[in-house]
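Quick notes on the structure that follows.
Any read-out appearing in this document is the output of simple, stated calculations on the displayed coordinates, not a laboratory observation. None of these values were measured; they are calculated from a predicted model. For neighbour counting, all protein chains shown are included, and Cβ atoms are generated from backbone atoms with ideal geometry for every residue, glycine included.
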Amino acid sequence: MDGQAYVYIMASQRNGTLYIGSTNALARRAWEHREGVIPGFTKEYGCKLLVWYEVHAVVESARLREYQMKSWKRAWKIREIEGFNPDWEDLYDRIAQP
């Protein structure tokens, strides 16, 4: 997963609180959310499940997509998640594999 950028959605539970972010190190960033090592929204609202992500070639395009998605209606975000991950499984173990 090196040399790429990611947009991702963390959730507190199925249909729960959602957080959208972007990063160039998805496994590390998802781990930080899961462990609550950085104070902020995801720690406060318990957004520990990685339920969706999208790969981009460069950080700039990932950030643009993040900002676009943050302005979406909640229903659109849920539709995006369920199109990629219909069971709202935590995808962390899949991306954390060496």
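Of the residues W76, W88, the one with the fewest other Cβ atoms within 10 Å heads the list, and the complete ranking is W76, W88. Charged side chains reduced to their Cβ positions (Lys and Arg at +1, Asp and Glu at -1) give the chain a dipole of some 340 debye around its Cα centre.
Working from label points 7 Å from Cα in the Cα-to-Cβ sense, the A96 to W72 distance is 2.5 nm.
Per-residue Cβ neighbour counts within 10 Å put K73, K43 in the sequence K73, K43, beginning with the fewest. In the chain, the alpha-carbon atoms span a convex hull of 91 Å³ per residue.
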